[in-house]
Amino acid sequence: VLTFSGNVTLDNPTTDVVGQSGVMVIIQDVTGSRTLSLGTDYETVGGTGITLSTAAGSLDVIPYFISEAGKIQLGAPQLAFS
């Protein structure tokens with residue numbers, strides 16, 4: 001669970017495990033409009049990156065899967081849970 005207090009960059013992990021999967025929960029702070037940048041290990045469909053909800057307090061969920069060392073596939077984010 002990441003609560004943004006500014007723009008965030010996900011650095012490449014050093015403890016990734018092939019086959020691991022899960023979700024990242026992203027919460028915008030009271031300011032909102034925070035952005036997410038990705039390290040080079042993260043891959044998105046079409047290489048387009050991730051677009052998040054921008055409203056203050058928005059909660060988004062991003063699924064991920066580690067297919068091999070240095071390759072983390074991010075699924076389509078589920079946006080603006082309420």
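Here the chain is treated with +1 on each Lys and Arg Cβ and -1 on each Asp and Glu Cβ, and its dipole about the Cα centre works out to around 180 debye.
What is the extension gain from LEU2 to GLN20, computed as 0.36 nm multiplied by their sequence separation minus the C-alpha to C-alpha distance, in nm to one decimal?
The span from LEU2 to GLN20 would gain 4.6 nm if fully extended.
Give, in nm to one decimal, the length gained when the segment between PHE65 and ASP29 is fully stretched (0.36 nm per residue of separation minus the Cα-Cα distance).
10.3 nm
Shown for the chain: the carbon plus sulfur share of the solvent-accessible area, taken with all protein chains present and a 1.4 angstrom probe, equals 55%.
Its residue count N sets the reference 2.2 N^0.38 Å, and the alpha-carbon radius of gyration of segment 5-53 equals 1.27 times that reference. Toward the positive end of the charge dipole of the chain, with +1 on the Cβ of Lys and Arg and -1 on the Cβ of Asp and Glu, the farthest Cα among ALA69, THR44, ALA56 is that of ALA56.
Per residue, the convex hull spanned by the alpha carbons of the chain comes to 85 Å³.
Based on Cα contacts under 8 Å between residues 6+ apart, segment 1-49 shows a relative contact order of 51 percent.
Over the chain, with the other protein chains present, what is the accessible area per residue in square angstrom, probe 1.4 angstrom?
Result: 59 Å² per residue.
The values are calculated or read from the model by the stated rules, or taken from the named source; none is laboratory data. Please read all numbers here as calculations on a predicted model, not as lab measurements. Here the Cβ is made from the backbone with ideal geometry for all residues, glycine too, and neighbour counts use every protein chain on show. Side chains included, ligands, DNA and RNA excluded: accessible areas come from the protein's heavy atoms. Shrake-Rupley method; radii C 1.70, N 1.55, O 1.52, S 1.80 Å.
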